[in-house]
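First the structure, in the form of structure tokens, and then the observations on it.
The values are calculated or read from the model by the stated rules, or taken from the named source; none is laboratory data. From a predicted model like this one, the values you see are computed outputs, not experimental measurements. Here the Cβ positions follow ideal geometry from the backbone for every residue, glycine too, while neighbour counts run over all protein chains shown.
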2 protein chains.
Amino acid sequence: MKREKGLLIVLSGPSGVGKGTVCGALRKHDTHIRYSVSATTRKPRKGEVEGINYFFKEKQEFERMIAENELLEYAQYVDNYYGTPRQYVEETIAAGHDVILEIEVQGALQVKKTFPEGVFIFLMPPSLKELRSRIESRGTESKDLIDSRMTVAKDEIELMDKYDYVVENDEVESAVERIKSIVTAENCRKERLIHLYKELVEE
Amino acid sequence: MKREKGLLIVLSGPSGVGKGTVCGALRKHDTHIRYSVSATTRKPRKGEVEGINYFFKEKQEFERMIAENELLEYAQYVDNYYGTPRQYVEETIAAGHDVILEIEVQGALQVKKTFPEGVFIFLMPPSLKELRSRIESRGTESKDLIDSRMTVAKDEIELMDKYDYVVENDEVESAVERIKSIVTAENCRKERLIHLYKELVEE
């Protein structure tokens, strides 16, 4: 089946919900989906590879990218920038491939302004209690910081309404299967295939 | 995950595209989907079972059902009526189960008036040439009748625009997988899950 453009798929959700785990599990499946790599000014951690985990940038270079509109979205966390380079995403969907971005809620809403035709998936914890226990199980944060993360998470869940789909992350492989189904279904949407009808009837 | 209502899924497409074959193959998969059984005034063929293949009705009884609005859609072909009993569909979706109707294009458009929130899937032949060859392979129809069926099929394909999804029936199992994905994805649509968010935040 011929395609005009690929899909831009945005996977987002509150911090701690398991976006990275789900996206990592999805990559192990045999799909045609391409993965966008974020840029950051954070220093590489042990084992992280340039162009696979992140594009590592100096602060000055990152700010030049912001100024020249080379990022689809960006945000600053704890003195470091994180963002999505625009060029890879635009070229890949123009070539007819689907691309997935795994990003924070605020970034997803920035992308929506530029790409309202994207497929926005909100990854949802089974419960707030479960979300809290996932954040706690990292074991790196104080009670106050966990409380403040939970407040942010609640605010982010309220933004669910801006998304197209909600996927409960009750079990990683179930969430992956739902995301794969959403991508398949979106590729069957009439709006994306209407050109086929023209080809068929004009045969 | 709690559900408020099931989905009404309408599988339709031009005569000869293979709706019955695809729906039959879908039934062999382990899904939670329920199947609506049509009513008809046609006499049972050998092996057809009341309540499984059709509900067989006398003409007078069928016309009473039409008059009393007991059918979601109906049509007349070669002196026989065919239609979808409303009660089964409404009760099943109200109980939270997804129901699929496999019906003709004109019937699908009637259902859309009553159930605009339904999921309308158009089954598409890979090409008009392939559609013609499928109709010819039945071996029961004259060239004139085949020509007239092809004219109707082209008109029906123009109605693709009224549907939500287009599934190419290039290979039966691929078409079945796409339909299953559409059902999964539709069950993840934000509009259908927004009540969950309320439960979560009000925990």
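Among (1) closer than 27 Å to residue A:93 by Cβ; (2) in contact (Cβ under 8 Å) with a residue 60 or more places away in the chain; (3) over 15 Å from the mean Cα position of the chain (by Cα), which single condition is residue A:183 missing?
(3)
Would you pick out the residues in the stretch A:117-148 that are crowded, with 17+ Cβ neighbours inside 10 Å and among the small types (Gly, Ala, Ser)?
Once the filter is applied, which keeps residues that are crowded, with 17+ Cβ neighbours inside 10 Å and among the small types (Gly, Ala, Ser), the stretch A:117-148 yields only A:118.
Only residues that are on the phi > 0 side of the Ramachandran plot and touching a helix residue (DSSP H, G or I) at 6+ places or on another chain (Cβ under 9 Å): list them for the stretch A:11-59, please.
A:13, A:16, A:18
Tell me whether the stretch B:186-198 contains one or more residues that are crowded, with 19+ Cβ neighbours inside 10 Å, at pLDDT 90 or above and in contact with a His (Cβ under 9 Å, 6 or more places away or on another chain).
no
Out of the residues in the stretch A:141-179 meeting the condition of being in contact with a helix residue (DSSP H, G or I) (Cβ under 7 Å, 6 or more places away or on another chain) and hydroxyl-bearing (Ser, Thr, Tyr), tell me which one is farthest from residue B:183 (Cα to Cα).
Applying the filter and picking the extreme gives A:163.
So which residues in the stretch B:52-74 are loosely packed, with under 15 Cβ neighbours inside 10 Å and under 17 Å from the mean Cα position of the chain (by Cα)?
B:52, B:53
Please note which helices (runs of 4 or more DSSP H) are completely contained in the stretch B:124-203 and include at least 2 residues that are of a type in the set (A, V, I, L, M, F, W, C), farther than 18 Å from residue A:201 by Cβ and more than 9 Å from chain A (Cβ to nearest Cβ).
B:172-187
Could you check the stretch B:149-170 and list, in sequence order, the residues that are surrounded by fewer than 17 Cβ atoms within 10 Å (Cβ to Cβ) and either at pLDDT 95 or above or of a type in the set (Val, Ile, Thr) (or both)?
Residues satisfying the conditions are B:151, B:152.
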